Structures are given as structure tokens and as C-alpha cells.
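**Q** What follows is a single structure, and I will ask about it in a moment.
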Amino acid sequence: MVVAKMKLKLNKHWTIGETALQWFNTAFLWYTNKLNEFKIALNNRFQALQDLLKEGETTLEGNCKKIKEALTSTCQEILGLKEHHHKQWISIETLNKKGRTRGQQSNKGRESQELTSRDTWET
């Protein structure tokens, strides 16, 4: 039931043909040489776009699409994609603590069962 609900929620927000978000490593922009390289590459791309726009008629959607493509391709070439560092959901220390408490709880449960079973046999 829960799995079906999650699938429905995911399908609701998932569109066919849409690409996943790309996160670029913007930390490289703190370095002046990478920043200058990025600016030069971006200026070259936009200069080429301006030349194309002057030549013929274009639509607003087409212009936006070309600008987005120029930005993403420049970011991908110069900055690269951001690396994802996946953290563990539950640390090993937490699992060990949980295991100790479960062991203590099960020992208490066994002791109480032994006491009740002794009482019932003696009476």
C-alpha cells in the first residue's frame, strides 16, 4: 500500500523526456584562473549567439533555449559536474547503541518471563 502511494507520488511529479537537474561545481569560481577561463568561454559563446541573432528572425523561446544551452555547455566544460558525497543514513555508532539497547530489552523480557513462569509452576 505504501509502495503504491509512493509510486503514484513519483509518477505525478515525473515527466517524460525531462532531464535531471545538473549541479555544477561552482566552487571552482573562487579560483581566479578558473573564473577568467569561464568568463572568456561564456563571452565567446554569447558573441556567437549574438551573431546568429543578427542574421535572422528568431522567437523568444528559441533565444531562451540557445542561451540555456550555451550556459549549460560552458558550465559543463569549464566547471564540471558537482560530485555528490552520500552520507550514511544511520551511523555505525547509532546502530551499535541500538543493538545494545535491544539486547538489554530482550534480557529484561527473558527475566520477566522466567519470573512469571516460576510463579505459575510453584502455585
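Taken together, the values in this text are just the output of simple stated rules run on the coordinates, not laboratory data. What you are looking at is a predicted structure, and each value in this text was computed from that prediction instead of being measured. Please note: Cβ atoms are built from the backbone with ideal geometry, for glycine as well, and neighbour counts cover all protein chains shown.
**Q** Tell me whether the stretch 47-98 comes out rounded, prolate or oblate; compute the Cα gyration tensor, take square roots of the eigenvalues as a ≥ b ≥ c, and use a/c under 1.5 as the rounded threshold.
**A** prolate
**Q** Using amide H atoms built 1.01 Å from N in the peptide plane, name the residues 5+ places from residue 24, or on other chains, whose amide H lies under 5 Å from its own.
**A** 82
**Q** Taking 0.36 nm per residue of sequence separation and subtracting the Cα-Cα distance, how much length would be gained by fully extending the chain between residue 87 and residue 71, in nm to one decimal?
**A** So the chain would gain 2.7 nm between residue 87 and residue 71.
**Q** A further question on this structure: Between residue 27 and residue 53, 0.36 nm times their residue separation minus their Cα-Cα distance comes to what?
**A** Stretched out fully, the residue 27 to residue 53 stretch lengthens by 6.1 nm.
**Q** If we sort 54-61, 71-78 on the protection proxy, mean other Cβ atoms within 10 Å, highest first, what's the order?
**A** Taking the mean over residues of other Cβ atoms within 10 Å, the ranking is 71-78, 54-61.
**Q** By its C-alpha gyration tensor, with a ≥ b ≥ c as the square roots of the eigenvalues, how is the stretch 21-84 shaped: rounded for a/c under 1.5, else prolate for a/b larger than b/c, else oblate?
**A** oblate
**Q** Over 25 Å between C-alpha atoms is what I'm after, so list which of 34/66; 34/54; 54/82 land there.
**A** 34/54; 54/82
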